Amino acid sequence: MTNEHILYLKKIKRNKLLIKLSQISLLIFFLVLWELLSRFNVINSFIFSSPSKVLSTLINLIRDNNLFIHIKTTTLEVLASFVLSFMLAFLLALALYSFKTLKKILDPFIVAINSLPKVALGPLIIIWLGATTKSIIFNSLLISVIVTSMTILNGMEACDRNLIKLFKVFGANKIKILTKLIIPSSKKEIISSLKIDMSMSLIGVIMGEFLSCKKGIGYLILYGTQVFNLSLVMCGILILSLLSFLLNILINLLEKRLS
């Protein structure tokens, strides 16, 4: 390894360290500023709460054994929605790519469903499936499946036509072209679809918990709003942000594994 290479690697490490320190500093600055503004009554602490109140609420939830059941519920719902959504989206993308006529037939219906506000279907979903976990997951699937499938489909359709012709020249059938060329060449879009699917699943689950549930982070936020406990609402939002961050790390690890 040359000296230039060593210096280059050190420069990359310093840059990564600088980015991490900047991110941590920015977060600390925001929390300190929020606390100071609340303590000196620049902002209304009843409406905006404060980091100290949020921390106190979090400690009380842990002490009362009333926190981890909500985190566990939402996490399991998100993971179930994520897996089901990706499987359905992948199958839908395969079908639309393989059968062009089917794509043309379903295109206006897909556009209509995708553009429809899913909250409007909430009351119907509750009537059909009841105020249970099924309705929450179904609501999440409505939000995530089409967006995820369109991302995968765009990757498949972007495959080099000359390579497809080359495969045909060598006698490859449709299944081999699909499994050996189309899907592998769409790996970047498939990984992107995983990230989209995870975020959409989380949004769908929280929306579903707002409509019909008795536990979960969405329920925690909704309950805090109803009783005007804004510290509880902020606490729920904080937990939701941390959960989203951890799930994103999970997707990044999966991306590295696939790469």
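Are any residues in segment 158-179 loosely packed, with under 13 Cβ neighbours inside 10 Å, within 14 Å of Leu94 (Cβ to Cβ) and either at pLDDT 85 or above or not charged (D, E, K, R) (or both), and if so, which ones?
Hits for segment 158-179 are Ile175, Thr179.
Residue-by-condition table, conditions (1) modelled with pLDDT of 85 or more; (2) closer than 23 Å to Leu55 by Cα:
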residue: Ile203; (1), (2): yes, no
residue: Met207; (1), (2): yes, no
residue: Cys213; (1), (2): no, no
residue: Tyr223; (1), (2): yes, yes
residue: Asn229; (1), (2): yes, yes
residue: Leu232; (1), (2): yes, yes
residue: Cys235; (1), (2): yes, yes
residue: Phe245; (1), (2): yes, yes
residue: Ile249; (1), (2): yes, no
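Among what's in segment 98-139 and is more than 20 Å from the chain's Cα centre (by Cα) and in a loop (DSSP other than H, G, I, E, B), pick the residue that is surrounded by the most Cβ atoms within 10 Å (Cβ to Cβ).
Ala131
I'm trying to understand the selection: among the residues of segment 127-175, which are more than 18 Å from Ile113 (Cα to Cα), touching a Leu at 6+ places or on another chain (Cβ under 7 Å) and of a type in the set (Val, Ile, Thr)?
Ile164
Specify the residue that is least open to solvent (accessible area, probe 1.4 Å); the eligible residues are those in segment 65-95 that are among the hydroxyl-bearing types (Ser, Thr, Tyr) and more than 12 Å from the chain's Cα centre (by Cα). Can you show your working first?
From segment 65-95, those among the hydroxyl-bearing types (Ser, Thr, Tyr) are 73-75, 81, 85; that's our starting set.
If we keep only those that are more than 12 Å from the chain's Cα centre (by Cα) too, we end up with 73-74.
Numbers: Thr73: 20, Thr74: 0 Å².
Per the stated criteria, the residue is Thr74.
Of the residues Ile182, Ile190, Ile152, which is closer than 13 Å to Phe86 by Cα, modelled with pLDDT under 90, β-branched (Val, Ile, Thr) and assigned to a helix (DSSP H, G or I)?
That would be Ile190, the only listed residue that is closer than 13 Å to Phe86 by Cα, modelled with pLDDT under 90, β-branched (Val, Ile, Thr) and assigned to a helix (DSSP H, G or I).
The values are calculated or read from the model by the stated rules, or taken from the named source; none is laboratory data. Because the structure is predicted, anything quoted here is derived from the model rather than measured. When we count neighbours, we look across all protein chains shown, and the Cβ atoms used for this are built from the backbone with ideal geometry, even at glycine. Heavy atoms of the whole protein, side chains included, go into the accessibility calculation; ligands, DNA and RNA do not. Shrake-Rupley method; radii C 1.70, N 1.55, O 1.52, S 1.80 Å.
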